[in-house]
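Chemist: Got a structure for you, written out below as structure tokens; questions coming shortly.
Read-outs throughout are calculated quantities, based only on the coordinates presented, and are distinct from any laboratory measurement. Everything numeric here is computed off the predicted structure, so don't read it as measured data. Don't worry about glycine lacking a Cβ; one is built from the backbone with ideal geometry, like all the others, and counts go over all protein chains shown.
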Amino acid sequence: MFILSPLGKAPLGFTTKWGREMGYIIPCVNFYLAFLINLCGFCHLRENFMAYSIVTNICEGIADCVPACPVACILPGEGKNTKGTDWFWIDFDTCIDCGICLQICPVAGAILPEERPDLQSTP
């Protein structure tokens with residue numbers, strides 16, 4: 001089912017990636033799966049999850065990933081990185097490995113699909 005969005009902006013859990021030209025918004029399946037796995041009580045399924053990492057010195061502080069994260073695990077870092085820009089970091093304990101941040105980040109190589117505490121600074 002498609003929902004017409006007059007403003008072209010999608011609410012949380014929806015994406016305009018495929019329907020932007022027509023002004024439609026489409027439910028983002030990753031959001032719902034991530035939400036259900038996080039709240040379903042099947043914690044044993046999370047053993048295979050591995051959090052994503054934001055490479056501190058590549059992040060440009062654009063922050064498209066922050067509102068897209070369904071569990072609010074992306075937090076602002078303190079000060080500036082070596083590029084002189086703001087930066088963000090992912091809380092490994094909160095991340096549910098949904099991959100939305102990786103899909104939405106416009107900076108190539110800023111987010112890695114694995115836990116890399118050596119590349120991600122934390123306050």
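Chemist: Scan around Gly61 for amide H atoms under 5 Å from its own, H built in the peptide plane at 1.01 Å from N, and keep only partners 5 or more places away or cross-chain.
Modeler: HN-HN under 5 Å from Gly61: Phe88.
Chemist: Give me a comma-separated list of calculated 3J(HN,Hα) values for region 69-75, in order, Karplus coefficients 6.51, -1.76, 1.60 applied at θ = phi - 60°, integers in Hz, x for any Gly or Pro.
Modeler: 5, x, 10, 6, 9, 9, 10
Chemist: Next question. Under a crude label model (7 Å from the Cα following the beta-carbon direction), how far is Gln103 from Asp118 in nanometres?
Modeler: Between Gln103 and Asp118, the simple spin-label model gives 3.0 nm.
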